[in-house]
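Heads up, the thing below is written out as structure tokens.
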Amino acid sequence: MQDDFYIEDMALWGSQLFISHYPAHDNHAQALIAALYQLKEQQVNDVDSDVAVFAKHALFESELNLLTQPLAPLLALKAHVEDLVGTVAHAVNEPFWPEGAQVQVDIVESWYHITQNGGYHDTHSHPNCSWCGIYYLQEGESSIEGRNGVNRFYDPRHGADQYQDAGTAYLSADGFMDFSPFAGQIIIFPSYLKHAAMPYFGDTDRIVIAFNCQVKATS
């Protein structure tokens, strides 16, 4: 007869991503796109941030202060991002924060990508922040079917796919997950997740606004 025994379930090292939709997208999208093209015309270099220049091809990137620009649609987006990231941070950290803690979100970096035919951004992660996000302003001709212009997130569990049998089915260890751009969608993800913008092919520009956030909790 088999003895009874006790098993405790501990779910360790999960990575959470959050998908939302910008409520003001339909009202503000065209004004935002026009503003970004106006800023693009003022750029000195294709990659004005001067960050990882050789990891980017056939795209335009602004300096890293986009959401500080005094343009009403950008300021409205900034306020929404702060609320959204604050909600996410509170949801995942509430058990670890002081009771009744108040959230303060600082967008420490923000920029746009205007990606043209053949453009891409190699694999990278974002330092000096806790949460990051991508707002899809215009998806162009991106498609999940052809992996055209998708954002690819890589499994942070190094070696999770080194051996696969029936006992590892729960890992879903494909090594990556692809997200197809959809206009108005916002993805929030932890800064340590490596990701890439896969090559994009299309006649219409693929346009995103990205941001890095630091979070403070005060009692």
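Quick note: the coordinates plus some simple rules give every number you see, no bench work behind them. As the structure is a prediction and not an experimental result, all values here were calculated from the model. Glycine gets a Cβ as well: all are built from the backbone with ideal geometry, and neighbour counts include every protein chain shown.
Filtering the stretch 98-115 to residues that are of a type outside the set (A, V, I, L, M) and in a strand (DSSP E or B) leaves Gln102, Gln104, Asp106, Glu109, Ser110, Trp111, Tyr112, His113, Thr115. Can you tell me which residue is surrounded by the most Cβ atoms within 10 Å (Cβ to Cβ) among those in the stretch 187-219 that are more than 10 Å from the chain's Cα centre (by Cα) and within 30 Å of Gly100 (Cα to Cα)? By that ranking, first place goes to Cys213.
Do you know which of the residues in the stretch 176-219 that are assigned to a loop (DSSP other than H, G, I, E, B), touching a His at 6+ places or on another chain (Cβ under 8 Å) and not basic (Lys, Arg) is farthest from Asp83 (Cα to Cα)? Once the filter is applied, the top-ranked residue is Ala183.
Only residues that are under 19 Å from the mean Cα position of the chain (by Cα), closer than 18 Å to Glu109 by Cβ and not aliphatic (A, V, I, L, M) were counted across the stretch 20-67, and they come to 7. Considered as a group, the residues in the stretch 104-122 that are surrounded by 21 or more Cβ atoms within 10 Å (Cβ to Cβ) and among the small types (Gly, Ala, Ser) include one that is farthest from Ile134 (Cα to Cα), and that residue is Gly119. The residue that is farthest from the chain's Cα centre (by Cα), counting only those in the stretch 162-175 that are exposed (fewer than 15 other Cβ atoms within 10 Å of the Cβ) and not in a helix (DSSP H, G or I), is Asp165.
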